Amino acid sequence: MVCVVSRTGRELQRYDQGRRLVVGCIPYRYKSGSNGSIKDELEVLVISSKKGQGMMFPKGGWETDESVEEAASRESLEEAGVLGKVGCELGQWSFMSKRYGTFYEGYMFPLLVKEQLDLWPEKDERQRIWMDVAEAREVCQHWWMKEALDVLVRRLTTLPRHPQEDVL
């Protein structure tokens, strides 16, 4: 059973020295060939912002009743409708919220997608699109998410992988 409603409100939000802590994931998978074979082509999942102005990776507030990995996984479920394995942190970035004019601390994680849901909490508010890394880097509206994507690509191209675990 999967939660069908996104968390709202900021009562449980974490802050550090006045900066809101946010966490997100870069959902990824490897393409499979028409014959079921696994290719080395990496795909990442981007989502539209709620306002429909640009694309990004799922992210949101880290709440006091969850670990950072749980928050990353929850945001990927709520905003993109995907479930998977959260990997080791890609990094931490300080950035300014355009909407609120305040600084945030953002933590990003890779999420190896194991399941893509047909229904998810923000299905009616967002679009999701699988694309190759170059396309995702082009359309992503946040510089810090682009940097996280670069870290993910470097990590995935230098570490051995187990192909049978990588395809949706």
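One residue stands out in region 92-130 among those that are under 13 Å from the mean Cα position of the chain (by Cα) and under 19 Å from Asp16 (Cα atoms): the one that is most open to solvent (accessible area, probe 1.4 Å), namely Tyr107.
Taking strands (runs of 3 or more DSSP E) as the structural unit, those lying wholly within region 17-88 and holding at least 3 residues that are open to solvent by 30 Å² or more (accessible area, probe 1.4 Å) and modelled with pLDDT under 95 correspond to 19-32, 38-48.
Out of everything in region 131-143 that is of a type in the set (D, E, K, R) and in contact with an Asp or Glu (Cβ under 9 Å, 6 or more places away or on another chain), what residue ends up being least open to solvent (accessible area, probe 1.4 Å)? So that I can check it myself, show each step before the final result.
The first filter runs over region 131-143 and keeps only residues of a type in the set (D, E, K, R), leaving 132, 135, 137-138.
When the remaining residues are screened for being in contact with an Asp or Glu (Cβ under 9 Å, 6 or more places away or on another chain), the result is 132, 137.
On the way: Asp132: 69, Arg137: 92 Å².
Filtering region 131-143 for residues that are of a type in the set (D, E, K, R) and in contact with an Asp or Glu (Cβ under 9 Å, 6 or more places away or on another chain), the one least open to solvent (accessible area, probe 1.4 Å) comes out as Asp132.
If I filter region 105-114 for residues that are on the phi > 0 side of the Ramachandran plot, at pLDDT 95 or above and touching a helix residue (DSSP H, G or I) at 6+ places or on another chain (Cβ under 8 Å), do I get at least one hit?
Kept after step one, since they are on the phi > 0 side of the Ramachandran plot, are these residues of region 105-114: none.
No, region 105-114 has no match at all.
Remark: pairs (first residue in region 58-86, of a type in the set (Val, Ile, Thr); second residue at pLDDT 95 or above and part of a helix (DSSP H, G or I); Cβ separation under 8 Å; 6+ apart in sequence or on different chains) = Val82/Ser76; Val86/Glu69; Val86/Ala72; Val86/Ser73.
The values are calculated or read from the model by the stated rules, or taken from the named source; none is laboratory data. Just so it is clear, the model here is predicted, and its values are computed rather than measured. Cβ atoms come from the backbone with ideal geometry, glycine included; neighbour counts cover every protein chain shown. All accessible areas refer to the heavy atoms of the entire protein, side chains included, with ligands and DNA or RNA removed. Shrake-Rupley method; radii C 1.70, N 1.55, O 1.52, S 1.80 Å.
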